[in-house]
Amino acid sequence: MSPAETLGDQQREMAVQTPGKPETVQTPDKPETWKAFFVVGVLSLHIILGLLSIPVAAYYLAIGSSKAWVLALLYFPFYLWPAQSQYPGWEIFGKSLWRLMDYETSCASYFGQWAVHGTERIDAGTQYFVACHPHGTLIFQRMFWHSPKLEKCFTRPWRMLAASVVFRIPLMRELSLLFGAVDASRATCERLLRDGVNVVVWPGGLDEASSADAPDEVRLRTRTGFIRLAVQHGTPVLPMFVFGELDAVRTVSPLPSALARFCQKKLRISTAFAVGRFLVMPFRVPFNLCVGKPVPVKQCSEPAAVDLEVARVHAEYKAELQALFESNKKQFGYADRKLVFVCEQAGTGERTKKAKAA
């Protein structure tokens, strides 16, 4: 029996009518395969297991477990290897694994719809700084990058950027490296750009991952740091928006809102938990990745010229995201939602809030 068949009618209805989810989103009628359940579950569980590994390892090391110490000593050299700041990192070892996972078929089986739109806008041989939105809590859209529908659109290699803290947590570190992620440091990013690699980034970060969006809003955080790097290297910015990412899980924070905001702004950590189907699995909602028009970038080095070009590219990038959202929201269940930008003013880093009506 498939895992979907064990979900009762009442729980299935709750999975569809969660806060902030468009009413038009429907759970697929056809059960997913066990392989699809496992493949999608790995993305959720590697975070949970990674966080649990630290206290569990500390406990067994503290009580003097010989097996724990042997495993720790064997693992330590791999942990110290700075693969996250090198190219190609570990992704080269993961190619056969991702073929076995078959994300194209597995994700289509689990989510019901797993589609990419607008790929004709991509010039396969061009290097891009790919800006993906929304960040989401667990970024299930990462699996698109191991799906032939998107992979075939790029002839250049790609790497996705991940926060430095990800590479300090066992298990989470290894899967992220295998997935093709590298450290989001400036030095690593510049090395990728110099080597002609497509760089994939989720600019929203914690501000999008932890946002408690109202049912009628989608909040995006647009930073200018990656745009500045794009300008300095003359790399076009390619915006993408994924319908379904925000609906896959609900975000719940056990802390008071004021304390949660303090942890996010001052400590740069999220206190929110992602709750989904069977608690740890995403809801079965359609995923549709929409590709926007590339924003051309003029390479500059003089500070004043860089500031002007960053401001121009940032404005065009936001405008293209807005157009991408508006032109696709009705057919993908977001007809009653509007896009809200929480932005940095180009050149100053100052935060502003700008709401755009649907």
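The values are calculated or read from the model by the stated rules, or taken from the named source; none is laboratory data. Predicted model, so just to flag it, every value in this text is computed and none were measured. Reconstructed Cβ throughout: ideal geometry from the backbone, glycine too, with neighbour counts over all protein chains shown.
Residue 137: assigned to a loop (DSSP other than H, G, I, E, B) and more than 19 Å from the chain's Cα centre (by Cα), yes or no? Spelling it out, it is not the case that residue 137 is assigned to a loop (DSSP other than H, G, I, E, B) and more than 19 Å from the chain's Cα centre (by Cα). Can you tell me which residues in the range 328-340 are closer than 17 Å to residue 220 by Cα and either in a helix (DSSP H, G or I) or charged (D, E, K, R) (or both)? Selection gives 328, 329, 336, 337, 338.
Would you point out which residue out of 184, 258, 230 is over 26 Å from residue 100 (Cβ atoms), without any contact (Cβ under 8 Å) to a residue 24 or more places away in the chain and touching a strand residue (DSSP E or B) at 6+ places or on another chain (Cβ under 6 Å)?
Working: 258 fails: touching a strand residue (DSSP E or B) at 6+ places or on another chain (Cβ under 6 Å); 230 fails: without any contact (Cβ under 8 Å) to a residue 24 or more places away in the chain.
Answer to the check: 184.
Among the conditions (1) within 30 Å of residue 31 (Cβ to Cβ); (2) in a helix (DSSP H, G or I); (3) out of contact with any helix residue (DSSP H, G or I) (no Cβ under 6 Å at 6 or more places or on another chain); (4) at pLDDT 90 or above, the only one that residue 115 does not satisfy is (2).
Taken over the range 165-214, the criterion of being polar (S, T, N, Q), within 24 Å of residue 245 (Cβ to Cβ) and modelled with pLDDT of 85 or more is satisfied by 176, 198. Selection within the range 114-163: residues that are without any contact (Cβ under 8 Å) to a residue 60 or more places away in the chain, of a type in the set (Lys, Arg) and touching a strand residue (DSSP E or B) at 6+ places or on another chain (Cβ under 9 Å). The member of this set that is surrounded by the fewest Cβ atoms within 10 Å (Cβ to Cβ) is 156. Among the residues making up the range 266-275, those that are modelled with pLDDT of 70 or more, among the aliphatic types (A, V, I, L, M) and more than 16 Å from residue 204 (Cα to Cα) are 274, 275. If you check 285, 310, 280 for being farther than 30 Å from residue 104 by Cα, touching a residue at least 40 places away in the same chain (Cβ under 8 Å) and either buried (at least 21 other Cβ atoms within 10 Å of the Cβ) or not basic (Lys, Arg) (or both), only one passes: 310. Just one of (1) in a loop (DSSP other than H, G, I, E, B); (2) free of Cβ contacts under 8 Å to residues at least 60 places away in the same chain fails for residue 293. It is (2).
Residues that are under 25 Å from residue 290 (Cβ atoms), touching a Gly at 6+ places or on another chain (Cβ under 7 Å) and among the basic types (Lys, Arg) do not occur anywhere in the range 222-231.
For the range 205-216, state whether one or more residues are under 15 Å from residue 316 (Cα atoms) and among the aliphatic types (A, V, I, L, M). Walk me through how you get there before you give the answer.
Here is the first cut: in the range 205-216, the ones under 15 Å from residue 316 (Cα atoms) are none.
No - not one qualifying residue is present in the range 205-216.
Here are 221, 173: which of them is touching a helix residue (DSSP H, G or I) at 6+ places or on another chain (Cβ under 7 Å), part of a helix (DSSP H, G or I) and crowded, with 18+ Cβ neighbours inside 10 Å? Don't jump to the end; show me each part of the working.
On the way: 221 fails: part of a helix (DSSP H, G or I).
Within the list 221, 173, the selection yields 173.
Name every residue in the range 276-311 that is aliphatic (A, V, I, L, M) and under 25 Å from residue 142 (Cα atoms), in order of residue number. Even if it seems obvious, please write down each step before you answer.
As a first pass, look at the range 276-311 and keep what is aliphatic (A, V, I, L, M): 279-281, 285, 289, 291, 295, 297, 304-306, 308, 310-311.
The answer is 279, 280, 281, 285, 289, 291, 295.
Within the range 37-60, the set of residues being surrounded by 17 or more Cβ atoms within 10 Å (Cβ to Cβ) and out of contact with any helix residue (DSSP H, G or I) (no Cβ under 7 Å at 6 or more places or on another chain) comprises just one member, 44. Scanning the range 326-348 for residues that are at pLDDT below 85 and of a type in the set (Ser, Thr, Tyr) returns a single hit, 348.
So that you can scan it fast, the table gives a plain yes or no per residue for (1) in a loop (DSSP other than H, G, I, E, B); (2) at pLDDT 95 or above; (3) of a type in the set (A, V, I, L, M):
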| position | (1), (2), (3) |
| --- | --- |
| 258 | no, no, yes |
| 261 | no, no, no |
| 264 | no, no, no |
| 301 | yes, no, no |
| 313 | no, yes, yes |
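If only residues of the range 100-113 that are hydroxyl-bearing (Ser, Thr, Tyr) and buried (at least 19 other Cβ atoms within 10 Å of the Cβ) are counted, the one that is farthest from residue 37 (Cα to Cα) is 103.
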